[in-house]
Every structure is written in structure tokens, then in C-alpha cells.
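> First, the structure itself, so that you have it in front of you.
The values are calculated or read from the model by the stated rules, or taken from the named source; none is laboratory data. Since the structure is predicted, the reported quantities are computational estimates derived from the model, not experimental observations. All Cβ positions, glycine included, derive from the backbone under ideal geometry; neighbour counts span all protein chains shown.
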Amino acid sequence: MLSALRITSCLLTTLVSTTTLAQDATLTGDWGGLRHQLDEQGIKFTGDYSGETAYNANGGLHRSARYSQNIKLGVQFDLEKLYAVDDGGKVQLTLNDRRGNSASEDMVGNRLPIQENYGGLYTRLTELSYERTLFTPALNVKLGYMAMGNDLGGLDSGILCNFMNAGFCGHPLNMSGGSGWTNYPNAHLGVRVKYDLSPAWQLRVAAFNVDPESNGNASRAWHVGPKHTTGTVVPLELVYKLAGDLPGEYKLGYYYDSSDAKRIGSDDEVAGRGGHYLLIDQAVWNSQASTGRSLHVFGQYSAASAAASPFKTWYGTGLVLYKPFAGRPRDTVALGYGRAVPNPRSRDVQQDAALANGEAFPHLDSAEQLIELSYGYQATPWLTLRPDVQYIIEPGAFSGEQIDNALVLGLQVKATF
């Protein structure tokens, strides 16, 4: 075992040495060799920071700027390495802290969060899970306290996190808007199973506890057990991964939440809520002259329960160009368009309430729309700077308010510790 003196010496060496900062994979480097040695022994430390600043340049509620941040720290224990146990599995522990203010709530008034890292402004336990293969290498099981979106509902390629708006980065938001599906970093008790049907096809199924009272509740930040269970949400996902010169990823999913929920526009309850989704990431061009330069298209479609979800459907599509310049091999250019459609029942409830109060209800289109353009500049292996422009059409589509279209300028900073 390493002595405390040597550990301290390694950390000090890392802090005072900046000669390899631009080349290191992480901001804190290899800790004088300690980090690599621990990894070899089965203990892997991870950490990252994201900061997102957004300025409303025109339209919306008023001109101003807002900043939000997310810090994630984790450690993974490889039990096979630590205890020399064949296929011992891995234990993951992750902590998360969020701070800041919302550009959507304070400046624009729209539904799709302009900053994907805003929400739940406190320190919390995000994951405590155990994962291993079972019976056969084709079967992988993970159970514990974790966020659903880490394994389901999003594209594994990570293509959607070339954007700053949560409408793109992550999974379609009508899943969480109309069921017990929860957004990261909200976690719940659950189990997830992956089974490789073939090298190209995989089936994923999970079951998670539904506990609305724990979502975004700072008093529940360190409580793994539920406070008030309303049901179980079960997602089922079929994944196809296309190999070759033009690789692709396709996901077809369905989810069902057994919780009772209030029917929109009625005092009655509906027994159970569900939805389905289709996600696509497909390379359409690869440069023969420059390795790594490629163009991908993506598509998203999801629909939620019409009876109980205020967010009925989401459509998203766009392009991501990898290695836009020969001298910038890890940069990206991303352009996306999204359309979030409110439930017509919710619109009827808003209109009836306005008429009952003698107020005029504004003439609104059928959806909030988003156009986003970003450039991912890989300053170092551990630092990404992403200038971002978002144009939000009909920000008041979900609130039933007449709000001018908004032009938002942003900057996202991501650093890996």
C-alpha cells in the first residue's frame, strides 16, 4: 500500500508541473503516476465540469445573461482486478453538484432548457450501482441507484451532446414530462439488462422505481430508498448498430409507467402512462483524403401519453460535421432543428381558464421550435469550448403566453479532471 507521504508528494508534483498540461488527457494529469497505478489495481477516478453561459440578445422576456454549472465526481471499483475474481463486475459511485440560474426561466420563458446542465441545484448522490456480465458474455446486468438516461433513451454515440440545449442533449424531454422517466442527475432504484442478440443487434430492458417526491428534492439528496412509490417505469429498447465505412446507430423504444396520473382537463385519473421513441445517428459521408472527417445526420421522434402528458411529441433532426478543418481533428460543427408539441388538452385548459377570467387567449402556433448552431473547439484533450447560437420560435407555446421569438448566444465550457 502506498504511504500517505508518497500520495501527497505525487499530488504536489502534479499541481506544480504545467509542462504537459496541453497534452494531458485530464486537467489533473496522472498524479505523478499514482492515477495510472490505481487504475491498474482496479480503482478508476473520474471527474468533469461543465459551465454554460447564455445571453438573450433579442426577444423573449428581457435581455440579460445567466450562468449554470455542473460538477461530477466518480470512482469505479473493478472487483476482478481488486480481488482477482473472474468476472467480478464493477461498482460505480458518482456524486453530482449543480449551481446557477436558468436562462429559460429568467430570460426567455420557453419550455426546452437553454442550458442542459441546469436543474436540481444541490449536491447529491447520482449513482451507486453494480454491473457485471451474467451466465454469458452476451448478457450484462446493472442494478442499484442510478439515472435511467445513462443507459436508455439516448444515442450511445454521444452525437447529441454537441449541443447545449437540453432538447437535443440527452433523451427526448416528453419522456420525463409525461411519466416517471427521470432526467440525469435524478436517480432511482432500478435494474437494467442488456442482451446482445448478434454483433449488430442488442435488446435492452429495465425497471425503475417511480418516486416523484424525490425528484429535485434537496432533502432526498443522499437517500437511496424511495419516499413515496407511485409505480414502476419499464423501458424496452431495441438497438441496431451498423458497422462499415458509414456507421450508424438506430434505437426503437417503448416505455410504460404503472403510476396513476391525473387526466389532463379532468378530475379523473388514468391508470398508467406510456410512450415510444425512435433515435437515429447515421454517417452519410466520410472523407477519403482526411481520416476522421465525416458528416453524420441524426433524427429523433418521440410521443407520450395523450391523456396525461403536457408534452405530446418531439421531433428533432440535424447534422454534425466531425473534423471540419484539417488542422482541427477533434473539433465539430453541429446544426439542429427541434419541434416540441404541447398536448392540445393542455392548451384547451389554458384557454378555458383565460376565458373564465375574462382574458383574451393569444393566438399561438402549435409548437415551440428550436434552431441551434454550435462549434466545438477542442482546446486541449481535456478542455472543450463550445460557442453556441439558439433561435427559439414561440417560446410561450407551453405556457400559453405571447412571447417574442428569442435569439440566445451561449458558451459551453467542458473540462475533464
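> So residue 264 clears everything in (1) farther than 30 Å from residue 123 by Cβ; (2) buried (at least 16 other Cβ atoms within 10 Å of the Cβ); (3) in contact with a strand residue (DSSP E or B) (Cβ under 6 Å, 6 or more places away or on another chain) except one condition, right? Which one?
Exception for residue 264: condition (3).
> Looking at segment 68-108, which of its residues are of a type outside the set (Ser, Thr, Tyr), surrounded by fewer than 20 Cβ atoms within 10 Å (Cβ to Cβ) and within 30 Å of residue 402 (Cβ to Cβ)? Let's see the steps before the verdict.
Taking segment 68-108 and keeping what is of a type outside the set (Ser, Thr, Tyr), we get 69-82, 84-93, 95-101, 103, 105-108.
Narrowing the set further to residues that are surrounded by fewer than 20 Cβ atoms within 10 Å (Cβ to Cβ) leaves 69, 71, 73-82, 84-91, 93, 95, 97-101, 105-106.
Correct list: 100, 101, 105, 106.
> Which residues, counting only those in segment 288-305, are modelled with pLDDT under 95 and closer than 18 Å to residue 328 by Cβ?
The answer is 289, 290, 291, 292.
> Of all residues in segment 394-417, how many are crowded, with 16+ Cβ neighbours inside 10 Å and within 14 Å of residue 165 (Cα to Cα)?
The number of residues fulfilling the criteria is 7.
> Could you identify the single residue in 347, 339 that is surrounded by 15 or more Cβ atoms within 10 Å (Cβ to Cβ), assigned to a helix (DSSP H, G or I) and either touching an Asp or Glu at 6+ places or on another chain (Cβ under 9 Å) or not aliphatic (A, V, I, L, M) (or both)? Lay out the reasoning, then the answer.
Details: 339 fails: assigned to a helix (DSSP H, G or I).
Just a single option satisfies the conditions, and that option is 347.
> Sort out which residues of segment 164-185 are in a loop (DSSP other than H, G, I, E, B), under 19 Å from residue 303 (Cβ atoms) and of a type outside the set (Ser, Thr, Tyr), and write them in order of number.
Residues satisfying the conditions are 166, 167, 168, 170, 171, 172, 173, 178, 180, 181, 183.
> Right, next: Go through segment 112-148 residue by residue and tally those that are within 18 Å of the chain's Cα centre (by Cα), over 24 Å from residue 232 (Cβ atoms) and surrounded by fewer than 22 Cβ atoms within 10 Å (Cβ to Cβ).
3
> Is one or more of the residues making up segment 262-269 of a type outside the set (S, T, N, Q) and either within 25 Å of the chain's Cα centre (by Cα) or under 21 Å from residue 167 (Cβ atoms) (or both)? Talk me through it step by step, then tell me what you get.
Of all residues in segment 262-269, those of a type outside the set (S, T, N, Q) come to 262-265, 267-269.
Then keep just the ones that are either within 25 Å of the chain's Cα centre (by Cα) or under 21 Å from residue 167 (Cβ atoms) (or both); that gives none.
No - not one qualifying residue is present in segment 262-269.
> Would you confirm whether or not segment 338-351 contains a residue that is within 20 Å of residue 411 (Cβ to Cβ), at pLDDT 95 or above and either in contact with a strand residue (DSSP E or B) (Cβ under 8 Å, 6 or more places away or on another chain) or not assigned by TED's automatic domain parsing to the domain that holds residue 289 (or both)?
Start the filter on segment 338-351 by keeping residues that are within 20 Å of residue 411 (Cβ to Cβ), which leaves none.
There is no residue in segment 338-351 that is within 20 Å of residue 411 (Cβ to Cβ), at pLDDT 95 or above and either in contact with a strand residue (DSSP E or B) (Cβ under 8 Å, 6 or more places away or on another chain) or not assigned by TED's automatic domain parsing to the domain that holds residue 289 (or both).
> Are any of the residues in segment 187-198 closer than 25 Å to residue 232 by Cβ, free of Cβ contacts under 8 Å to residues at least 60 places away in the same chain and within 11 Å of the chain's Cα centre (by Cα)?
no
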